[in-house]
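Inspection log for the structure reproduced underneath, given as structure tokens.
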Amino acid sequence: MSTREIKDLTRRDYQYGFVTDIESDSAPPGLSEDIVRFISAKKNEPEWLLDWRLKAYRSWLEMTEPKWAAVSYPPIDFQSISYYSAPKSKTDGPKSLDEVDPELLETYKKLGIPLHEQEMLAGVAVDAVFDSVSVATTFKGKLNDLGIIFCSFSEAVQEHPELVRQYLGSVVPITDNFYAALNSAVFSDGSFCYIPKGVRCPMELSTYFRINAANTGQFERTLIVADDGATVSYLEGCTAPQRDENQLHAAVVELVALEESNIKYSTVQNWYPGDKNGKGGIYNFVTKRGKCAGRNSKISWTQVETGSAITWKYPSCLLQGDGSVGEFYSVAVTNNYQQADTGTKMIHIGKNTKSTIISKGISAGHGQQTYRGLVKVLKGAENARNYSQCDSLLLGDQCGAHTVPYLEVKNPSAHVEHEASTSKISEDQVYYCQQRGLSAEDAVSLIVNGFCKEVFRELPMEFAVEAQKLLGVTLEGSVG
Amino acid sequence: MLTIKNLHASAGGAEILKALDLEVKSGEVHAIMGPNGSGKSTLAHVLAGREGYDVTEGHVTFDGQNLLDLSVEERACAGLFLGFQYPVEIPGVANNYFLRASLNAIRKARGEEELDAMDFLGLLKKKAALVEMDPKFLTRPVNVGFSGGEKKRNEILQMAVLEPKLAVLDETDSGLDIDALRVVSKGIESLRSPEHSIVLITHYQRLLDYVVPDVVHVFAGGRIVQSGGKELAIELEKNGYAAFESAASA
Ligand SMILES: Nc1ncnc2c1ncn2[C@@H]1O[C@H](COP(=O)(O)OP(=O)(O)OP(=O)(O)O)[C@@H](O)[C@H]1O
Ligand SMILES: [Mg+2]
């Protein structure tokens with residue numbers, strides 16, 4: 001379906017209009033102003049937020065789906081999606097792990113996920129609510145004492161509207177791109193985090209919350225603000241395979257780093273990638289951007305992307321404050337028929353700004369991936385420095401890796417370096433490892449983990465160990 | 001330890017090993033010498049189980065097991081070590097890390113406990129000293145950028161750490177300088193014991209001055225055409241393979 005047709009359809013629906021029952025638990029498929037109002041009303045949102053959503057919706061109508069990414073998929077019918085459903089009640093889930101897909105359990109086991117977490121991930125209804133929930137409450141108290149706000153986005157809208165209003169859309173404006181506009185119109189929920197002046201958050205945020213956050217739906221919204229001199233490390237996602245009946249995911253993450261503050265954002269993304277033939281699987285169209293608004297602030301993105309059928313994702317940094325630093329460390333894996341077009345944008349605006357990009361792409365099976373990176377140095381960005389390194393590793397000869405670096409330098413004092421390499425895991429290497437007692441799978445894992453070392457060491461310890469295992473499981477059977 | 005009977009094997013569509021017989025007893029050191037392209041490395045890869053090398057006839061028993069039934073890693077775990085003629089580079093994987101993964105995989109398969117990082121480091125230091133390897137090579141990626149001789153020395157380090165029941169060393173002495181040859185020989189000699197056997201594939205009698213073999217075989221046309229004591233190697237050095245090649249094709 002062409003975009004024009006989509007628009008026509010959208011308009012048609014709107015023209016006829018329909019009234020959605022505010023009491024109902026879910027919205028009928030389709031998108032219209034009515035649906036946007038319905039979502040906002042369901043969430044009991046203030047007027048300004050509804051207006052903001054509507055503005056986003058109207059801009060979205062005028063926009064077209066981006067086509068420049070090197071991914072292909074059948075057209076998405078935006079009118080067939082339901083944009084709101086109330087969180088599922090626990091009783092809908094399986095009663096015990098015995099009722100859960102054994103293949104999924106097998107994967108959990110390989111990843112070494114503790115039993116009680118397995119139950120949570122699989123959505124088993126358990127009455128004696130798990131450790132982690134009580135742990136979560138304990139931590140919440142501790143965070144509270146420090147003045148740290150960490151809650152769901154909906155809660156933040158109710159409890160801290162002034163903060164949300166000040167920063168929402170300040171990094172990713174509603175008109176930024178097609179999917180960001182869509183998200184802004186219909187986002188369901190997500191996380192909000194505010195670290196007050198001078199406070200160093202004493203724990204990795206969301207380690208203990210990751211299960212709770214699992215149900216935030218397909219249009220997730222995250223906003224993290226580090227005030228002057230604050231430090232925070234945030235973990236998103238989990239290594240366990242996540243299934244979701246929603247095929248389209250379009251999240252927006254905004255980070256704001258004020259003076260001398262430091263935000264570290266780590267992601268492990270393992271959405272269902274589809275089966276061996278590429279059927280099913282999540283489309284993951286994410287907009288992630290951080291603004292180093294203050295002097296000497298720092299934002300660091302670290303991501304391990306192994307899931308999804310299609311990934312379209314460019315965590316970026318706007319280096320506005322003088323002396324600010326942006327970092328991007330990424331491992332992306334595509335196997336079977338997965339496609340990924342991912343990379344980063346580093347926009348140097350302030351003086352003496354510095355950015356580092358380390359991207360490791362691994363392709364196996366028929367996987368295709370593209371690294372797309374932009375380094376832009378604006379006129380006023382005196383003494384900007386960038387170092388980029390993009391390495392690709394191929395397993396087999398049906399897969400592909402492509403590197404597309406864009407460079408725009410408007411200030412002659414800039415110092416920009418780019419290195420790229422492509423290598424292949426050879427049968428000789430696997431044979432050599434096997435002759436030393438390792439299985440083919442362990443051999444591949446060993447080589448792949450070696451390849452990703454520079455990224456893994458940026459991850460928080462516990463996450464790094466999980467990520468290594470995850471890579472092994474993801475690439476299982478791709479050699480030999 | 002190793003018994004090969006009437007072994008026929010082919011690679012790339014051509015028969016390379018032809019009715020090969022060989023018996024290596026526990027504690028013995030055998031040397032195999034033969035012209036280029038006669039199938040010595042092929043024999044090593046067939047024993048190791050490399051894909052693409054197909055056994056069409058014959059039997060191989062190793063330490064009481066049917067070797068040909070085992071996968072490459074099972075053979076390694078059963079105690080078979082191949083010193084590669086061309087050691088492979090593995091970028092990104094530190095030499096010491098690789099060797100620990102290897103040793104622990106083998107220990108695990110044998111039902112032994114895995115060595116922790118500290119114990120392993122102790123062992124590795126000892127073995128590195130034995131083959132006089134500069135510790136800086138231990139943290140470099142496996143064989144990457146190693147010189148030819150350094151790679152060979154690294155093979156012997158691996159052998160010394162893994163202490164295999166049977167080591168098949170394919171031209172480990174080729175490309176070594178005079179001092180390195182002495183050191184590598186010392187490494188090989190250190191494995192020698194009633195429980196371990198060694199098969200040396202070599203072109204040079206010089207190695208055999210340091211590691212004196214119990215048996216020397218002349219390999220030609222895909223099989224062993226003559227066996228004897230150390231004096232056979234000296235004779236080969238003098239007269240070459242001409243006499244044997246005609247024997248092989250006869
Ligand atoms: N995979 C293969 N495909 C085709 N031919 C092969 C293959 N492997 C080995 N050969 C051939 O088999 C023969 C024996 O090779 P091999 O490497 O075993 O010899 P070698 O005795 O080790 O020789 P050298 O002393 O030169 O190391 C050669 O003619 C070689 O070209
Ligand atoms: Mg050879």
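Every number here is computed from the coordinates shown, using simple stated rules; none is lab data. This is a predicted model, so every value here is computed, not measured. In this analysis, Cβ positions are derived from the backbone assuming ideal geometry, glycine residues included, and neighbour counts consider all displayed protein chains.
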Would you mind getting me the FRET efficiency between residue A:379 and residue A:106? Use the beta-carbon distance for r and R0 = 51 Å, nearest 0.05.
0.35
To the nearest 0.05, what FRET efficiency results for residue A:428 and residue B:71 with a Förster distance of 30 Å applied to their C-beta separation?
0.95
Once the piece of chain linking residue B:86 and residue B:209 is laid out straight, how much longer is it, given 0.36 nm per residue of separation minus the C-alpha distance between them?
41.9 nm
Which shape class, rounded, prolate or oblate, goes with the stretch B:75-126 when its Cα gyration tensor gives a ≥ b ≥ c as root eigenvalues, a/c under 1.5 marks rounded, and past that a/b bigger than b/c marks prolate?
oblate
Modelled label-to-label distance, residue B:112 and residue B:147, 7 Å Cα→beta-carbon offset: nm?
3.3 nm
Using alpha carbon centroids, what distance separates the stretch A:338-395 and the stretch A:168-208, in Å?
22 Å
Under 5 Å between amide H atoms, partner at least 5 residues away or on a different chain: which partners does residue A:329 have, H built in plane at 1.01 Å?
A:301, A:302, A:303, A:358
Efficiency of FRET between residue A:413 and residue B:136 - r from beta-carbon atoms, R0 25 angstrom, step 0.05
0.05
Can you bin the stretch A:284-391 into rounded, prolate or oblate? Criterion: square roots of the alpha carbon gyration tensor eigenvalues sorted a ≥ b ≥ c, rounded for a/c under 1.5, prolate for a/b above b/c, oblate for the rest.
prolate
Rounded, prolate or oblate (a/c below 1.5 giving rounded, otherwise prolate when a/b exceeds b/c) for chain B by Cα gyration tensor
prolate
